[in-house]
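The structure appears right after this line, and notes come after that.
The values are calculated or read from the model by the stated rules, or taken from the named source; none is laboratory data. Since this is a predicted model, take the numbers as computed values, not measurements. Here Cβ is always computed from backbone atoms with ideal geometry, including for glycine, and neighbour counts include all displayed protein chains. The protein model used for the area step is the full one, side chains on, heavy atoms only, and it has no ligands, DNA or RNA in it. Shrake-Rupley method; radii C 1.70, N 1.55, O 1.52, S 1.80 Å.
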Amino acid sequence: MADNKRNIILTGDRPTGPLHIGHYVGSLKRRVALQDSGKFDEIYILIADAQALTDNADDPQKIRDNIIQVTLDYLSCGIDPERSTICIQSELPALYELTAYYMNLVTTARLERNPTVKAEIKMRGFNEGGVGLPVGFYTYPISQAADITAFKANCVPVGEDQMPMLEQCREIVHKFNSTYGEVLVDPQIMLNENTACRRLPGTDGKAKMSKSLGNCIYLHASREELHQKVMSMFTDPDHINVSDPGKVEGNCVFTYLDAFCNDDLFAEYCPDFSCLDEMKEQYRKGGLGDVKCKRFLENVLNEELEPIRQRRARWEADIPAVYDILKAGTMKARETTGRTLSEVKDAMKINYFEDDALISEWEAR
Ligand code: ATP
Ligand code: MG
């Protein structure tokens with residue numbers, strides 16, 4: 001029987017665009033910390049290109065372009081290919097087979113209840129104005145369960161929008177294990193303790209920073225691009241004059257400060273205050289302008305992004321090495337996922353050609 005007691009991480013991203021600071025605080029920063037903690041036996045990072053195609057079937061070039069882009073984002077943030085395996089979803093055939101078997105364990109009614117998928121269907125305009133809902137998109141939570149379980153991940157560090165996916169995955173695990181035998185590992189979601197990081201809003205104040213909404217600060221943003229993004233960021237529309245009292249809730253500048261700032265940075269970049277709570281208090285009372293807060297935020301973000309920019313420049317100078325990392329990672333992942341598929345088929349007794357009992361059972365009838 002396989003060893004199901006190892007500490008394994010699986011996370012991933014859809015290569016629908018470059019990664020942004022929402023991905024960073026929601027998941028990527030945590031992945032690097034977990035990798036550096038040395039507490040995990042294996043870490044897999046999946047570039048979910050097949051999932052990305054479920055709502056981008058007409059634009060495979062976009063997905064292709066973002067394979068190297070997203071890998072560069074990982075490496076720039078400190079993902080170390082010696083300790084974390086980066087792999088491409090569509091190159092792992094076991095995931096499709098697992099998806100097919102799991103589909104029989106999930107009802108359409110259950111799929112319809114998934115609140116993230118519901119919100120995404122609305123956001124993408126499916127089922128409206130003659131735009132149909134692709135079956136692949138509708139069922140992607142099942143293929144995501146295949147991704148997680150194929151690696152036997154017990155830990156999945158992701159943003160809040162992934163909670164329903166994890167719940168659904170765990171239901172599939174329980175159903176599979178109780179029907180066929182204990183093969184699959186029950187994964188736990190790992191959310192950031194800092195709630196501002198779980199679902200970072202877009203710079204337009206919309207609910208979620210998202211590649212598909214164009215309201216992002218990308219990890220590859222130059223200092224100039226960052227300046228522009230921060231200066232045009234949504235704040236409190238009623239805070240017109242510096243002397244006006246302002247709202248901190250729903251104000252992107254403060255949400256981003258909640259996610260990124262540590263109080264030590266005030267001494268260097270905004271010595272009028274000693275901590276974020278003091279700054280917020282002054283903003284609420286009035287007498288603190290948006291520009292001053294934005295300048296501070298810009299410095300805070302540059303502190304975080306500068307080492308990322310520098311690592312990116314080094315990797316960008318050697319794209320063939322990035323390609324080799326992807327290829328080697330994908331080959332390793334092919335073995336891992338193939339092993340799980342064999343165990344699944346053994347448990348379901350559909351591993352016919354590794355199972356001579358098929359002959360003896362027939363003969364003994
Ligand atoms: P798309 O719009 O194509 O779905 P996305 O920006 O939602 O792209 P995903 O690739 O779907 O990004 O998500 C990758 C990971 O990043 C997931 O763990 C998700 O929870 C997390 N994530 C995405 N957006 C945010 C955000 N704004 N705040 C925190 N975490 C996020
Ligand atoms: Mg998404």
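Over the stretch 212-358, what relative contact order in percent results from Cα pairs under 8 Å that are six or more residues apart?
22
Compute the FRET efficiency between D356 and K332 as 1/(1 + (r/R0)^6), taking r as their Cβ-Cβ distance and R0 = 35 Å, and round to the nearest 0.05.
The formula returns an efficiency of 0.70 here.
Starting from the Cα-Cα distance between E225 and E268, subtract it from 0.36 nm times their residue separation and give me the gain in nm to one decimal.
Additional length available on full extension: 13.2 nm.
Is it possible to state the helix-based mean residue ellipticity at 222 nm for the chain, with each DSSP H run of 4+ residues giving -39500 (n - 2.57), the sum divided by total residues, to the nearest 500 deg cm²/dmol? What is it?
Computed mean residue ellipticity for the chain: -16000 deg cm²/dmol.
With just the Cα atoms defining each centre, how far is the stretch 30-101 from the stretch 282-329? Give it in Å.
21
I want to check a number: in the stretch 223-314, how many lysine pairs have alpha carbons closer than 16 Å, given a sequence separation of 8 or more or different chains?
Here the count comes out as 8.
Please give the net charge around P157, taking every other residue with its beta carbon less than 9 angstrom from that of P157, where Lys and Arg add +1 and Asp and Glu add -1.
+2
Measuring from label point to label point, each 7 Å out along Cα→Cβ, what is the V131 to M103 span in nm?
Placing both labels 7 Å along Cα→Cβ, they lie 2.4 nm apart.
Go through the stretch 31-77 and name the trypsin sites (Lys or Arg not before Pro) that are in a DSSP coil and have 15 or fewer other Cβ atoms within 10 Å of their Cβ.
K39
Report the charge-dipole magnitude of the stretch 223-314 in Debye, nearest 20, computed about the Cα centre from +1 at each Lys and Arg Cβ and -1 at each Asp and Glu Cβ.
With only Lys, Arg, Asp and Glu charged at Cβ, the dipole is about 420 debye.
Given R₀ = 30 Å, FRET efficiency for E306-A207 by Cβ-Cβ distance, to 0.05?
Here the calculated transfer efficiency is 0.55.
I want the antiparallel fraction of DSSP beta bridges within the chain, as a percent rounded to 5.
10
Under 5 Å between amide hydrogens, which residues at least 5 positions from L19 or on another chain qualify, with H placed 1.01 Å from N in the peptide plane?
L219
Relative contact order, percent, of the chain when contacts are C-alpha pairs under 8 Å separated by at least 6 residues?
Computed value for the chain: 22 percent relative contact order.
Extension gain D58-E278, at 0.36 nm per residue separation less the Cα-Cα distance, in nm?
74.2 nm
Provide the solvent-accessible area of M190, counting protein heavy atoms only and rolling a 1.4 Å probe, rounded to the nearest 10 Å².
60
Report, in debye and to the nearest 20, how large the dipole of the chain comes out about its Cα centre when Lys and Arg carry +1 and Asp and Glu carry -1 on their Cβ.
Its charge dipole is roughly 380 debye.
Per residue, how many Å² of accessible area does the stretch 31-96 show with a 1.4 Å probe?
So the stretch 31-96 comes to 39 Å² accessible per residue, rounded to a whole number.
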